[in-house]
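Contents: one structure, followed by commentary.
The values are calculated or read from the model by the stated rules, or taken from the named source; none is laboratory data. Just so it is clear, the model here is predicted, and its values are computed rather than measured. Ideal geometry is used to build each Cβ from the backbone, glycine not excepted, and the neighbour counts take in all protein chains shown.
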Amino acid sequence: MGPVLNGLLKLQSVENRLRAGKAKLTRCRRNVIIQENLIRSLQNALEAKKEEAQLAKVQFDRLELEVKSKEEIIAKLRSSLNTAKTNKEYAAVLSQLNTTKADNSKIETQSLDLLKDIETDEDEFKNIQKQIDEQKETLEQTRKESEILAKKFQAEIDNIQKEWDQAAEIIPKDSLETFRRVAETYDGQAVALIEQPDNKKGPYSCGGCFMGITAESVNMLMTKDDIIRCPNCTRILVLGDLHEG
């Protein structure tokens, strides 16, 4: 192969290292984002639980007012029992009194259940808040570690980028542009080696997509320093250890 294809093959190697370095930097920063999202999720859960508890307290207060109102009615009915003039009137008041007492008992039960729910919610508040405080401490530690690693990875990326720029200098502008476009399509894997079975008797294939490559394309790569792309995946084809067989 000539200088252009050899240059692209070398550039591919540097490109792989460059993208690997950037991936490490991204993962490093993602840890902080994951931790921040976890805290945000806990804070949302806390707010939702507070709203739920607030609604329960409003309902509890309403039931308490109902209980108070029922108790006033019960007191009046008891008083009416003492002033009833006939058995019929007494029986009617007594029936209303028992019904009101039964209704009040149900309301008191609902009120007690709500009170238990509110107490449970308060315990959950404390638990969620404790988790938030713990995760915030973890976040600070993660952020510090991430910053240290990020500086290290960025320095590595800067050095590899210099290598990339140097390797790209000898490649013609149009060839370099082709490399860039294909690299973006295949996550950096712009160059593919042409492969052939060990016995050298089988058909040639693209090392990227494993589809067949014609012998004519292989012969052109052996004699010319031009970019030839796989007709299937469009990667830039280069020769490996192939020889005419």
Which condition breaks for residue 187 when tested against (1) assigned by TED's automatic domain parsing to the domain that holds residue 233; (2) surrounded by 13 or more Cβ atoms within 10 Å (Cβ to Cβ); (3) more than 18 Å from residue 6 (Cα to Cα)? (2)
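Okay, residues lined up against (1) modelled with pLDDT under 95; (2) hydrophobic (A, V, I, L, M, F, W, C); (3) assigned by TED's automatic domain parsing to the domain that holds residue 54; (4) in a helix (DSSP H, G or I):
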| site | (1), (2), (3), (4) |
| --- | --- |
| 124 | yes, no, yes, yes |
| 155 | no, yes, yes, yes |
| 183 | no, yes, no, yes |
| 200 | yes, no, no, no |
| 226 | yes, no, no, no |
Taking segment 1-49 and keeping residues touching an Asp or Glu at 6+ places or on another chain (Cβ under 7 Å), surrounded by 13 or more Cβ atoms within 10 Å (Cβ to Cβ) and of a type in the set (Gly, Ala, Ser) leaves 21
For segment 160-185, pairs from a residue that is farther than 15 Å from residue 227 by Cα to a residue that is acidic (Asp, Glu), with Cβ under 7 Å and 6 or more apart or across chains, are 164/15
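Residue 124: surrounded by 13 or more Cβ atoms within 10 Å (Cβ to Cβ) and in contact (Cβ under 8 Å) with a residue 60 or more places away in the chain, yes or no?
Numbers: surrounded by 13 or more Cβ atoms within 10 Å (Cβ to Cβ): yes; in contact (Cβ under 8 Å) with a residue 60 or more places away in the chain: yes.
When the stated conditions are applied, residue 124 passes them.
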So in segment 80-97, with the set limited to residues that are assigned to a helix (DSSP H, G or I) and of a type in the set (Gly, Ala, Ser), which one is surrounded by the most Cβ atoms within 10 Å (Cβ to Cβ)? 80
Residue check, residue 147 against (1) closer than 30 Å to residue 44 by Cβ; (2) surrounded by 16 or more Cβ atoms within 10 Å (Cβ to Cβ), all met but one. Which one? (2)
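If you check residue 41 against the conditions, is it without any contact (Cβ under 8 Å) to a residue 60 or more places away in the chain, assigned to a helix (DSSP H, G or I) and within 23 Å of the chain's Cα centre (by Cα)? Write out each step before concluding.
Numbers: without any contact (Cβ under 8 Å) to a residue 60 or more places away in the chain: yes; assigned to a helix (DSSP H, G or I): yes; within 23 Å of the chain's Cα centre (by Cα): yes.
It is true that residue 41 is without any contact (Cβ under 8 Å) to a residue 60 or more places away in the chain, assigned to a helix (DSSP H, G or I) and within 23 Å of the chain's Cα centre (by Cα).
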